[in-house]
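J.: First the structure, then my questions, so here it is.
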Amino acid sequence: MNTGELTDLGQQLRVDSVRAAAAAGSGHPTSSMSAADLMAVLLAHHLRYDFDRPAHPGNDRFVLSKGHASPLLYSAYKAAGAIDDEELLTFRKLGSRLEGHPTPQRLPWVETATGSLGQGLPVGVGIALAGKRLDRTGYRTWVLCGDSELAEGSVWEAAEHAGYEHLDNLTVIVDVNRLGQRGPTRHGHDLDAYARRFQAFDWHTIEVDGHDVDAVDRAYAEAASTRGQPTAILARTLKGKGVEGVQDREGLHGKPLPEAEDAITELGGPRDIRVRVQEPPAARMLHSVHTGDVELPRWDKGEEVATRNAFGEALAALGTGRGDIVALDGEVGDSTRAEFFAKEHPDRYFECYIAEQQLVASAVGLASRGWVPYAATFAAFLTRAYDFIRMASVSGSGINLVGSHAGVAIGQDGPSQMGLEDLAMMRAVHGSTVLYPCDANQTARLVGAMAGLEGVRYLRTSRGESPVIYGPDEDFPVGGSKVLRSSAQDRLTLVAAGVTVHEALAAAEALEQEGIAVRVIDLYSVKPVDRATLRRAAEETGCLVTVEDHHPEGGLGDAVLDAFTDGRPVPRLVRLGVRTMPGSASPEEQLRASGIDAESIAAAGRLLVEEAVVR
């Protein structure tokens, strides 16, 4: 396309963005209009993409980080022939694929869900990492950001990581339109302010008039030819470009244009320009073929093994058996034991350093390219990345998260290091799986099972050693549990997971000496929970005690209660958990102080049985 045709295409994208928002009665047309020329040049001259084959391994990847500008994205899809005008005008309507913010659950050309600002570039870094280090098919990753979201710390985690990794296959296009939601951005149209920040992280920067299509064209070509550095194109634009009374005006964010028909006329009216997007080069994925059978590590009953060690050994073995497994670390691999994978498979190991948002975002980006990521850090530190975990669920992303050093059982390090909210956090994620093993063989089996699950999967591991109580050939289906003790005379059921399983077994032994028969359930699958086993225990024993190394809100106790939310009678229930703020102490002292050690469990069970007899 020549200059005039590119300009005309930009106008068409503006008009269609206005039309879509007007038809919906909502949306962000002004944010779309500022970036229309940037999109037009990318679509017509630089993007290599087969819309009929969105999974083509040679396709460039495009991420719209400013997801509220979805009318622009959908208008581009129309220009490329991927959707028609009738579908464009279903924007934001019930049942439409064209949601207010784009998601890959609805559209095959969307790489990741956006809309929570500051996420597109971090995920784009993950995609570019896959292209640079793993896929090696030559595709480029393009990310279109808004200037407002550059206030997010996650953007600079991504910028530093991309510079460190020399991701010259990554280009971020920043639509510097000066206006945010409620008024001007921090730096307005000061392109040099943004350039200095990107340059500090070893990026190549290009400052350009975002409405000069020839200048934009040259900038994209320069980005593609830059070696050894990612490129940031900083484009000065005007929000609502092209419509007098709207252009560069505050107070119009997130609203359809007040006089949409007049605006369309001012922009030159509707057009029907079709763009023939460049085809990607021939390429093929190599990691889809698994390299062999997976032989998970095995331990004998009675051995003392930390579940974090079992995780590391199992992950390394899984990586040997499957060539699509990748591991990511938040600079704690020596503690989480993810380093075991690094030693065996350094080419598939990604050190993200202490940047948990980027850790999870990289996992999402790698998963979008077909890899199966396991991202590990301390359970407590995953709270920093919760918005990324939430958005991974919106994307339908298949990622495995592993949180170690959970609960007060870590001991002397104190509360800042104790994951005491993680089960609640992960259970609340839509479609998630939450697993909490108590011994090495169980951990290894669950690590292997996670690779075949969908959605966000979470495994909680423990720091200290614990006895192996299961044989190496035992099965642990997701959604199941293990009944470790039971009899027809049981008057009480103890429900535990992880470190508290061993405390519950010791409590059951003590109560048996007093003539109280006790059932013990290892609820290793916290979500989905084994409702059938819990209901049977409630019917047969009448009394339940749940015990967890976690705050009582949202954890194991609440998972057990979920088994009785369909109108079934709730059993007599006592919920033991960490209700005080811990300090520094030994693991044994911590469990005792929190009331979740064997003695405390036995006392709670004894009292519950006595009360049941009185009633």
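J.: Ignoring everything except DSSP H segments at least 4 long, calculate the 222 nm mean residue ellipticity for the chain; use -39,500 (n - 2.57) per segment, divide by total residues, nearest 500.
T.: Estimated from H runs of four or more residues: -10500 deg cm²/dmol.
J.: Given all pairs of different Cα atoms, what value in angstroms does the Kirkwood hydrodynamic radius of region 246-373 take?
T.: This gives a value of 19.3 Å.
J.: Would you mind checking region 90-121 for residues with the amide N under 18 Å from a putative spin-label position 7 Å along Cα→C-beta of Ser26?
T.: The answer is 90-103, 114-117.
J.: Kirkwood hydrodynamic radius, region 447-521, all distinct C-alpha pairs: what's the number in Å?
T.: 14.4 Å
J.: Another question, if that's okay. Which percentage, to the nearest 5, of the DSSP beta bridges contained in region 140-291 is antiparallel?
T.: DSSP beta bridges in region 140-291 are roughly 5 percent antiparallel.
J.: Follow-up question, since we're still on this one. Between Thr265 and Ala593, what FRET efficiency comes out of the Förster formula 1/(1 + (r/R0)^6) with R0 = 51 Å and r the beta carbon distance, rounded to 0.05?
T.: Given R0 = 51 Å and the Cβ-Cβ separation, E is 0.10.
J.: May I pose another question? Whole number in Å², please: accessible area per residue of region 256-336, 1.4 Å probe, ligands, DNA and RNA not counted.
T.: 53 Å²
J.: While we're here: Taking the mean number of other Cβ atoms within 10 Å as a proxy for protection, how do you rank 412-421, 561-570, 547-556 from highest to lowest?
T.: Sorting 412-421, 561-570, 547-556 by mean packing, highest first, produces 547-556, 412-421, 561-570.
J.: Pairs of alpha-carbon atoms within less than 8 angstrom and 6+ residues apart define the contacts here; what relative contact order does region 284-364 have, in percent?
T.: That works out to 29 percent.
J.: Please state the relative contact order of the chain as a whole percent: Cα pairs under 8 Å, 6+ residues apart?
T.: 12 percent
J.: Another question about this same structure. In the calculated pair distance distribution of region 133-213, what percentage of Cα-Cα distances lie above 16 Å?
T.: It works out to 55 percent of all Cα pairs.
J.: Can you give me the solvent accessible area of Phe51 with a 1.4 Å probe, rounded to the nearest 10 Å²?
T.: Accessible area, nearest 10 Å²: 30 Å².
J.: Figure the gain on full extension for Asp192 and Asp293 (residue separation times 0.36 nm, minus the Cα-Cα span) and round it to one decimal in nm.
T.: That works out to 31.0 nm of additional length.
J.: Please work out how much accessible surface Trp371 shows to a 1.4 Å probe, ignoring ligands, DNA and RNA, in Å² rounded to 10.
T.: Trp371 exposes around 20 Å² with every protein chain in place.
J.: While we're looking at this one, here's another question. Give me the percent of the accessible area of region 469-615 that comes from carbon and sulfur atoms, probe 1.4 Å, all protein chains in place.
T.: In region 469-615, the share of accessible area belonging to carbon and sulfur is 50 percent.
J.: Here's a follow-up. Within a Cβ distance under 10 Å of Gly479, other residues only, what is the Lys/Arg minus Asp/Glu net charge?
T.: +1
J.: What Kirkwood hydrodynamic radius do you get for region 325-478 when you take the inverse of the mean 1/r over all pairs of distinct Cα atoms, in Å?
T.: 15.5 Å
J.: Further question: Could you tell me what percent of the accessible area of region 163-262 is made up of carbon and sulfur, with a 1.4 Å probe and every protein chain present?
T.: Ligands and nucleic acids excluded, carbon and sulfur give 43 percent.
J.: Cα to Cα, under 21 Å, and not fewer than 8 places away if on the same chain: which lysines meet these conditions relative to Lys343?
T.: Lys132
J.: Continuing with this model, one more query. Indicate the gyration tensor shape class of region 542-615 (rounded, prolate or oblate), computed on the Cα atoms with a ≥ b ≥ c the square roots of the eigenvalues: a/c under 1.5 is rounded; otherwise a/b larger than b/c is prolate and the rest oblate.
T.: oblate
J.: Taking N as the number of residues in region 14-91, what value does Rg over Cα atoms divided by 2.2 N^0.38 Å take?
T.: 1.08
J.: Suppose accessible area is computed on protein heavy atoms with a 1.4 Å probe; arrange Thr383, Thr580 from highest to lowest.
T.: Order by accessible area, largest first: Thr580, Thr383.
J.: Give the lysines reachable from Lys93 as a straight Cα distance under 22 Å; neighbours fewer than 8 places away on the same chain don't count.
T.: By straight Cα distance, Lys93 reaches Lys66, Lys78, Lys255.
J.: Further, regarding this structure: Can you tell me how much longer the chain between Thr3 and Gln247 gets when fully stretched, taken as 0.36 nm per residue apart minus their C-alpha distance, in nm with one decimal?
T.: Between Thr3 and Gln247, full extension yields an extra 85.6 nm.
J.: Further, regarding this structure: Taking a quarter of the surface of the Cα convex hull of region 371-426, what do you get in nm²?
T.: Average projection, Cα convex hull of region 371-426: 3.9 nm².
J.: Going by the alpha-carbon gyration tensor, a ≥ b ≥ c the square roots of its eigenvalues, is region 514-568 rounded (a/c under 1.5) or, if a/c is not under 1.5, prolate (a/b greater than b/c) versus oblate?
T.: oblate
J.: Quote the Stokes-Einstein diffusion coefficient, in whole µm² s⁻¹, for the chain, based on the Kirkwood radius over alpha carbon pairs, a temperature of 10 °C and a viscosity of 1.306 mPa s.
T.: 61 µm²/s
J.: Same structure, new question: How fast does region 57-165 diffuse by Stokes-Einstein, in µm²/s, taking the Kirkwood radius from C-alpha pairs at 4 °C and 1.567 mPa s?
T.: 88 µm²/s
J.: Based on Cβ point charges of +1 for Lys and Arg and -1 for Asp and Glu, what charge dipole magnitude is obtained for the chain about its Cα centre, in debye rounded to the nearest 20?
T.: It works out to roughly 840 debye.
J.: Here's another thing I want to ask about it. By how many degrees, between 0 and 90 and to the nearest 10, does the Cα long axis of helix 499-513 differ from the longest principal axis of the chain?
T.: In the chain, helix 499-513 runs at an angle near 20 degrees to the longest axis.
J.: I want to verify the translational diffusion coefficient of region 99-150 in µm²/s; compute it with Stokes-Einstein, Rh as the Kirkwood radius over Cα pairs, at 20 °C and 1.002 mPa s.
T.: Answer, rounded: 177 µm²/s.
J.: Then there's this: Find the accessible area per residue for region 430-543; the probe is 1.4 Å, ligands and nucleic acids are left out, and the unit is Å².
T.: Here the residues of region 430-543 average 34 Å² of exposed surface.
J.: I need the calculated FRET efficiency for the pair Met581 and Ala151, taking r as the beta carbon distance and R₀ as 25 Å, to the nearest 0.05.
T.: 0.15
J.: Right, next: Considering only protein heavy atoms, what per residue accessible area in square angstrom results for region 565-612 with a 1.4 angstrom probe?
T.: Accessible surface, normalised per residue, equals 54 Å².
J.: I've got another one for you. Among 64-70, 21-27, how do they line up from the highest to the lowest mean number of other beta-carbon atoms within 10 Å?
T.: Highest mean packing first, the order is 64-70, 21-27.
J.: Can you figure out the FRET efficiency of Glu512 with Asp566, using R₀ = 25 Å and their beta-carbon distance, to the nearest 0.05?
T.: Here the calculated transfer efficiency is 0.15.
J.: How far, in degrees from 0 to 90, does helix 191-200 lean away from the longest principal axis of the Cα atoms of the chain, to the nearest 10?
T.: The two axes meet at around 50 degrees.
J.: Rank-order 347-357, 1-11 by packing density, defined as the average count of other C-beta atoms within 10 Å over each peptide's residues, highest first.
T.: Sorting 347-357, 1-11 by mean packing, highest first, produces 347-357, 1-11.
J.: Once both axes come from the Cα atoms, what is the angle between helix 70-79 and the longest principal axis of the chain, in degrees from 0 to 90, rounded to 10?
T.: Once rounded, the angle reads 60 degrees.
The values are calculated or read from the model by the stated rules, or taken from the named source; none is laboratory data. In this text the structure is predicted, and so the values were computed from the model without any measurement. Note that each Cβ is placed from the backbone with ideal geometry, even for glycine, and that neighbours are counted across all protein chains shown. Keep in mind that these areas ignore ligands, DNA and RNA; they rest on the heavy atoms of the full protein, side chains included. Shrake-Rupley method; radii C 1.70, N 1.55, O 1.52, S 1.80 Å.
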